[in-house]
Amino acid sequence: LRSLRQRIATVVPAQGEQRYRVGFFLGCIMSTVFAETSQATVRVLSENGCEVVTPKTQKCCGAPHAEEGDFESVKGFARENIALFEKHNVDYIICDCAACGAQTKEYAELLHDDPEWAERASRFSAKVRDIMEFLGEIPLKEPQAVLQKRVSYHEACHLCHVQKVREQPR
């Protein structure tokens, strides 16, 4: 099974009127183990008026490296990701992995004392939204039907504790 990075289109147009141009951050685990979930994320964004840009050369967010205390590697990934997404002029950067969202939101703090990158990192981090957070902020397409299903929701630790996103998913 090929990873989503290999299969996903670089640009998925908005269905109907385009209201937003968003960048999609491909999480390492999400794009391999949960590729169908990330593919669904892109589909939902497109259905709700987003042109979705997925730069194929993006790097790891750096969360695994931060957990191990390797902040120099995280800073390197941050600089590469910031420069890459700047080229695409997106309104928001959407993550569907809570750890990636938490780490990329922290790029501003990580690079706050770097004169060349501080402002760029701040702009980047300000654009980052978890998919649930973003969908809670925009008007959504009306459902076509009612599904009579029972579902459960797992509150991801990085989402509720680090990003403080709790209400939007509910």
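A few remarks follow.
- Of all residues in the stretch 1-17, those satisfying the criterion of being of a type in the set (Gly, Ala, Ser) and either surrounded by 15 or more Cβ atoms within 10 Å (Cβ to Cβ) or at pLDDT 95 or above (or both) are Ser3, Ala14.
- Flag for Ala121 being over 25 Å from Val12 (Cβ atoms) and in contact (Cβ under 8 Å) with a residue 40 or more places away in the chain: yes
- Answer residue from the stretch 48-64, given it is over 17 Å from Leu4 (Cβ atoms) and in a loop (DSSP other than H, G, I, E, B) and is nearest to the chain's Cα centre (by Cα) among those: Gly62
- Residues in the stretch 18-47 that are outside any loop (DSSP other than H, G, I, E, B) and modelled with pLDDT under 90 were compared, and the one that is least open to solvent (accessible area, probe 1.4 Å) is Ala35.
- Those residues of the stretch 122-139 which are outside any helix (DSSP H, G or I) and touching an Asp or Glu at 6+ places or on another chain (Cβ under 9 Å), in sequence order: Arg129, Asp130
- Within the stretch 103-130, the residues that satisfy the criterion of being touching a strand residue (DSSP E or B) at 6+ places or on another chain (Cβ under 6 Å) and either open to solvent by less than 20 Å² (accessible area, probe 1.4 Å) or farther than 16 Å from Phe25 by Cα (or both) are Thr104, Val128, Asp130.
- Extreme residue, farthest from the chain's Cα centre (by Cα), among residues of the stretch 76-102 that are at pLDDT 95 or above, open to solvent by 20 Å² or more (accessible area, probe 1.4 Å) and under 11 Å from Phe25 (Cβ atoms): Leu84
- Filtered residues of the stretch 1-54 (kept if under 21 Å from Ile82 (Cβ atoms), in contact (Cβ under 8 Å) with a residue 60 or more places away in the chain and not hydrophobic (A, V, I, L, M, F, W, C)): Tyr20, Arg21, Gly23, Gly27
The values are calculated or read from the model by the stated rules, or taken from the named source; none is laboratory data. What you see is a predicted model, and the numbers here were worked out from it, not measured in a lab. For neighbour counting, all protein chains shown are included, and Cβ atoms are generated from backbone atoms with ideal geometry for every residue, glycine included. Surface areas here come from the heavy atoms of the whole protein model, side chains and all, with no ligands, DNA or RNA. Shrake-Rupley method; radii C 1.70, N 1.55, O 1.52, S 1.80 Å.
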